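Below is one structure; the comments refer to it alone.
The values are calculated or read from the model by the stated rules, or taken from the named source; none is laboratory data. It should be emphasised that the depicted structure is a prediction, and the values quoted were computed from it without experimental measurement. Cβ placement follows ideal geometry from the backbone for every residue including glycine, while neighbour counts extend to all protein chains displayed. Quick note on the areas: whole protein, heavy atoms, side chains included, nothing else; ligands and nucleic acids left out. Shrake-Rupley method; radii C 1.70, N 1.55, O 1.52, S 1.80 Å.
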Amino acid sequence: MVKYFFSQTDIKSSWEHVFSAFWQRYPNPFSKHVLTEDVVFREVTPDNTLISRRLLTKTNHLPRWAEKIFPSNLARSVFVIEDSVVDLKNKTLTTFSWNINHTRLLVVEERCVYSMSQEKQAWSLAKREAWISSGVFGFSRAIQEFGLARFKSNQIKATRGLEYALSTLHGDGPSRPLKDKEAMEKTKETALATSEKAKNLASVASPHKSNQFV
Amino acid sequence: MNSVGEGCTELKREYDQCFNRWFAEKFLKGDRSGDPCIEMFKNYQQCVQKAIKDKDIPIEGVEFMGPNKEKPGS
C-alpha cells in the first residue's frame with residue numbers, strides 16, 4: 001500500500017532564479033534536519049542538460065511510539081539520494097529523491113518539477129509528488145501515516161527554505177500555494193488516531209519483532 | 001553546509017562557489033565555453049568518495065533516477 005501526495009505552488013521568482021537557488025538552499029532556517037549535503041556526480045550531457053546527483057544525510061525523527069518499537073533506527077541518520085536534470089530548452093528542473101537506508105521501515109520517494117509559469121513568465125511553478133510506503137508487517141499503515149505527516153511538514157519547510165534562499169540571493173518575495181491535493185487517500189484517519197492504534201498493536205506484538213530493520 | 005566527509009567541507013565550499021557562479025553566469029545563459037571548476041570538483045570528489053566508502057554509504061551502482069522509471073508520468 002502506498003500513500004500518494006501531490007501539490008502545486010506558484011513561486012514569485014523567475015525560473016533562472018529558482019534553478020540557481022535550488023543549489024544554494026542549504027543551510028536555511030527550515031533545514032535543521034538536514035545534516036550534510038554533497039554533490040557526488042555531475043555532468044553536462046551532449047544535449048546540454050545538466051545532470052547531478054546529491055547525497056544528503058538527514059536526521060531520522062520518529063514519533064515516540066515508533067522509537068520504542070524500532071530503537072535501532074535512531075542510531076543512523078537517513079541517507080537520501082537526490083538526482084536532478086536541468087533542461088534549458090524546456091526551462092525545467094526535474095528532481096527525484098529517495099532514501100536508501102531505513103527502507104524496510106519507510107520509503108519516501110519524491111519527484112519535483114520546477115518550471116516557468118505558463119500564466120506569468122516572471123514566475124515559476126513547483127509541482128511536487130511523493131510516494132510513501134512501509135513494508136513493516138502489522139505497522140505499515142501507521143508508519144505510512146506518520147511518513148505522510150512528516151513529509152507534508154518537510155515539504156512546507158522545503159518550500160520555505162527555497163523562498164529563503166531566493167530572498168537571500170535575489171530579494172524575491174514569498175510563494176503562494178496554488179492548490180493542495182492528495183490523491184488515493186484510503187482513510188481520513190488523523191495521524192493521532194493512527195498512532196493510538198499502533199500503540200495497541202505494539203502491546204500485542206511478539207518480542208522477536210524488535211529485530212534490526214536496517 | 002557540511003560535507004558527509006568531515007575533512008571535505010572546505011573543498012566542497014570551494015567547489016560550490018565555483019559551480020554556483022558558473023551555473024548562473026554561463027550555463028543558464030547558454031554559454032558552452034568550458035568548465036572552470038573541473039580541478040576543484042576532482043579534489044572534492046577524491047575526498048568525499050573516500051568518506052562515502054569509509055562510512056559504508058550504499059550509493060555504489062545506484063541507477064540515475066532509478067525508482068522514477070516505474071512511476072506514472074515519468
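Give me a count of the residues in region A:54-71 that are open to solvent by 60 Å² or more (accessible area, probe 1.4 Å) and of a type in the set (A, V, I, L, M, F, W, C).
Taking region A:54-71 as the starting set, the residues that turn out to be open to solvent by 60 Å² or more (accessible area, probe 1.4 Å) are A:61, A:64, A:67-68, A:71.
Checking which are of a type in the set (A, V, I, L, M, F, W, C) leaves us with none.
Here the count works out to 0.
Taking the stated definitions as given, is B:Tyr15 touching a residue at least 12 places away in the same chain (Cβ under 8 Å), in contact with a Lys or Arg (Cβ under 6 Å, 6 or more places away or on another chain) and assigned to a helix (DSSP H, G or I)?
Numbers: touching a residue at least 12 places away in the same chain (Cβ under 8 Å): yes; in contact with a Lys or Arg (Cβ under 6 Å, 6 or more places away or on another chain): no; assigned to a helix (DSSP H, G or I): yes.
For B:Tyr15, the condition - touching a residue at least 12 places away in the same chain (Cβ under 8 Å), in contact with a Lys or Arg (Cβ under 6 Å, 6 or more places away or on another chain) and assigned to a helix (DSSP H, G or I) - is not met.
Got at least one residue in region A:90-110 being at the interface with another protein chain (Cβ under 9 Å from one of its Cβ atoms), touching a helix residue (DSSP H, G or I) at 6+ places or on another chain (Cβ under 9 Å) and either among the aromatic types (Phe, Trp, Tyr) or under 20 Å from B:Lys26 (Cβ atoms) (or both)?
Yes, region A:90-110 contains a residue that is at the interface with another protein chain (Cβ under 9 Å from one of its Cβ atoms), touching a helix residue (DSSP H, G or I) at 6+ places or on another chain (Cβ under 9 Å) and either among the aromatic types (Phe, Trp, Tyr) or under 20 Å from B:Lys26 (Cβ atoms) (or both).
Among the residues of region B:1-20, is there at least one that is facing chain A (nearest Cβ under 7 Å), open to solvent by 40 Å² or more (accessible area, probe 1.4 Å) and polar (S, T, N, Q)?
yes
So the check is Cβ under 6 Å with 6+ separation or different chains; which pairs have a first residue in region B:46-74 that's part of a loop (DSSP other than H, G, I, E, B) and a second one that's acidic (Asp, Glu) and surrounded by 11 or more Cβ atoms within 10 Å (Cβ to Cβ)?
B:Phe64/A:Asp83; B:Met65/A:Asp83
Which numbered condition in (1) surrounded by 15 or more Cβ atoms within 10 Å (Cβ to Cβ); (2) farther than 28 Å from B:Lys26 by Cα; (3) touching a Gly at 6+ places or on another chain (Cβ under 9 Å) is the only one that A:Pro29 fails?
The single condition A:Pro29 does not satisfy is (1).
What number of residues within region A:138-155 satisfy the criterion of being of a type in the set (A, V, I, L, M, F, W, C), touching a residue at least 60 places away in the same chain (Cβ under 8 Å) and open to solvent by 30 Å² or more (accessible area, probe 1.4 Å)?
1
Among the residues of region B:35-74 satisfying the criterion of being modelled with pLDDT under 95 and of a type in the set (Lys, Arg), which is most open to solvent (accessible area, probe 1.4 Å)?
Residue satisfying both the conditions and the ranking: B:Lys69.
So which of A:Val2, A:Val80 ends up being within 21 Å of A:Ser134 (Cα to Cα) and at pLDDT below 95? Please lay out each step first, then the result.
Working: A:Val80 fails: at pLDDT below 95.
Result of the check over A:Val2, A:Val80: A:Val2.
Quick one: A:Leu35 ticks every box in (1) more than 21 Å from B:Lys71 (Cβ to Cβ); (2) open to solvent by 10 Å² or more (accessible area, probe 1.4 Å); (3) more than 10 Å from every other protein chain (Cβ to nearest Cβ) except a single one, so which number is it?
Failing condition for A:Leu35: (3).
The conditions are (1) farther than 22 Å from A:Asn101 by Cβ; (2) within 8 Å of chain A (Cβ to nearest Cβ), and B:Phe64 fails exactly one of them. Which is it?
B:Phe64 satisfies every listed condition except (1).
Right, A:Lys120: of a type in the set (Lys, Arg), more than 13 Å from chain B (Cβ to nearest Cβ), farther than 27 Å from B:Lys26 by Cβ and open to solvent by 40 Å² or more (accessible area, probe 1.4 Å) or not? Don't jump to the end; show me each part of the working.
Details: of a type in the set (Lys, Arg): yes; more than 13 Å from chain B (Cβ to nearest Cβ): yes; farther than 27 Å from B:Lys26 by Cβ: no; open to solvent by 40 Å² or more (accessible area, probe 1.4 Å): yes.
It is false that A:Lys120 is of a type in the set (Lys, Arg), more than 13 Å from chain B (Cβ to nearest Cβ), farther than 27 Å from B:Lys26 by Cβ and open to solvent by 40 Å² or more (accessible area, probe 1.4 Å).
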